[in-house]
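*Asks:* One structure coming up, written as structure tokens, with questions to follow.
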Amino acid sequence: MINKRNFILISPHFPENFTPFAQRLKEENFQTLGIADVPYEQLTDRLKEALTDYYQVSDMENYQQVYQAVAYFAYKYGRIDRIESHNEHWLELDAHLRTDFNVPGYHLTEIPKIRRKSNMKEVFRSIGLPVAKGRVFSDFSDALQLVQELHYPVIIKPDSGVGATDTYKIDHPHDLETFFTTWQADVPYIMEEFILGEIETFDGIADQDGRVVFYSTFHYSEAVLDTVEKNSEMFYFIPREIPQDIIEMGKKIVEAFQVKERFFHLEFFRTTDGKLIPLEVNMRPPGGLSIDMFNYANDIDVFQEYATIVKDNQFRANVTRPYHCAYVSRKYTNQPYRYSNEQIREQIGAGLIQFQSIPGIFAQIMGDEGYLIRSATKKELFEWIQLIHQRTEEVTHNAF
């Protein structure tokens, strides 16, 4: 009899498109053990079928409760081989549990360097990479001194934060004063120079030895902060061609942060003169439907590849990058869109992979509706993006 390995999935129901992690691991003969605060009856049928066992806690933020759930699984099934959530919010919880139960992966002592932006900068500097000027500040007086060094505009964000959450662009002294009206002294914030450029990413999977076995990149129509500030629609896409400098710098960062057997999402500034500046690291898959876009752009199953890496340390897919793939959002805050969803389906045809309404908690960034599209040519992809975003034409008057 072959002993099955035990894989604990923290909060496996969220987001729903992460369900294939449990499915593929179970197919590879893992015992998939879920822990979350949702009643078992509320799990989807797909997830129920993919889990070997499930333990509900009343509060996922209560470490003792989650610890007891892991201890129960260890008593019932034996040694725990892996603990993972693939979620930024539970990164520290995952590490705490791994530390206490001696499970491979990032442990508590390693969390500061992968959560705090100030620590990330130190790692970047240690391997000779440029960084945006800035540091953590302590109070209003310190912030005033720092902004005199950096000059307006500056960016202020939590030293340990996710995405554009609680991020501010400070253009004038008044903006700084406004920020400090709600500032919490117990939350460390970092101030950085504002860099004019575009966000590009280096995303992928590292195997058990730290080798990058799959990589991709995203290009964005605008920074997430701008999307939130303007409450606007946006798009981002995976191009078929990946710049060589981002591959080289990305692999260097993966090595420096000792990324092993996990997904990574690294963010960079591409300045107006073409230079690349690392912004931050995220040791988890990119958010939203991004992980699904890896599959659609390459006709592969990254969930399956992850499972085989955990099991056999092998990535077997043949990555040929046959498609450009884009996520395109719509927001119903301005004048109506020209084309209905049915008209878009008719015009794009097989190039439209998926359409969905976005829950309110994500709509500010991801839009009220989202479309996944793919094409072998960038020209066609961008024509479809324009089609989705086209608004009803305003009434114009002829000039006589």
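The values are calculated or read from the model by the stated rules, or taken from the named source; none is laboratory data. Since we're looking at a predicted model, the values are computed, not measured. In this analysis, Cβ positions are derived from the backbone assuming ideal geometry, glycine residues included, and neighbour counts consider all displayed protein chains. Quick note on the areas: whole protein, heavy atoms, side chains included, nothing else; ligands and nucleic acids left out. Shrake-Rupley method; radii C 1.70, N 1.55, O 1.52, S 1.80 Å.
*Asks:* Probe radius 1.4 Å, ligands and nucleic acids ignored: give me the carbon and sulfur share of the accessible area of segment 140-189 as a rounded percent.
*Replies:* 54
*Asks:* Working out 0.36 nm times the residue gap between Gln347 and Glu241, then minus their Cα-Cα distance, what length gain in nm do you get to one decimal?
*Replies:* The span from Gln347 to Glu241 would gain 35.6 nm if fully extended.
*Asks:* Full-extension gain between Arg135 and Thr181, please, as 0.36 nm times their residue separation minus the C-alpha to C-alpha distance.
*Replies:* 14.5 nm
*Asks:* Now for a separate question. Taking only Cα atoms and a 10 Å spring cutoff, compute GNM fluctuations for the chain and point out the largest among His107, His89, His389.
*Replies:* Residue with maximal mean-square fluctuation among His107, His89, His389: His89.
*Asks:* Could you work out how much longer the chain between Asp166 and Tyr63 gets when fully extended? Use 0.36 nm per residue separation minus the Cα distance between them, nm to one decimal.
*Replies:* 34.6 nm
*Asks:* Between segment 284-330 and segment 62-129, how many Å separate their Cα centres?
*Replies:* Centre-to-centre (Cα) distance: 23 Å.
*Asks:* Would you mind telling me which residue in Leu372, Leu93, Leu144 has the biggest mean-square fluctuation in a Gaussian network model of the chain, where springs connect alpha carbons within a distance under 10 angstrom?
*Replies:* Leu144
*Asks:* Also, I was wondering about something else. Under the rule of -39500 (n - 2.57) per DSSP H run of 4 or more residues, summed and divided by the residues of the chain, what mean residue ellipticity at 222 nm is obtained, to the nearest 500 deg cm²/dmol?
*Replies:* It comes out at -10500 deg cm²/dmol, rounded to the nearest 500.
*Asks:* Taking 7 Å along the Cα-to-C-beta vector as the label spot, tell me the Asp100-Leu144 distance in nanometres, rounded to one decimal.
*Replies:* Each label point lies 7 Å from its Cα, and together they span 4.5 nm.
*Asks:* I'd like the Karplus ³J(HN,Hα) series for segment 288-298: coefficients 6.51, -1.76, 1.60, θ = phi - 60°, whole numbers in Hz, and an x wherever there's a Gly or Pro.
*Replies:* Along segment 288-298, the couplings run x, 8, 4, 5, 5, 5, 4, 5, 5, 6, 10 Hz.
*Asks:* Looking only at the chain, where both bridge partners belong to it, what percent of the DSSP beta bridges are antiparallel (to the nearest 5)?
*Replies:* 80
*Asks:* Modelling each spin label as a point 7 Å along the Cα-to-Cβ direction, I'd like the Asp45/Gln314 distance in nm, to one decimal.
*Replies:* It works out to 3.4 nm between the two label points.
*Asks:* From the list (1) 22.4, 88; (2) 26.4, 85; (3) 21.8, 80, can you say which value of Rg and Dmax of the Cα atoms in Å was derived from the structure given?
*Replies:* (1)
*Asks:* Taking H as built 1.01 Å from N, whose amide H comes closer than 5 Å to the amide H of Tyr337, not counting residues under 5 places away?
*Replies:* Thr392
*Asks:* State, as an integer percentage, the relative contact order of the chain based on alpha-carbon contacts under 8 Å between residues 6 or more apart.
*Replies:* It rounds to 12 percent for the chain.
*Asks:* If you take the beta carbon distance between Phe194 and Asp299 as r and set R0 to 45 Å, what does 1/(1 + (r/R0)^6) give as a FRET efficiency, to the nearest 0.05?
*Replies:* About 0.70, to the nearest 0.05.
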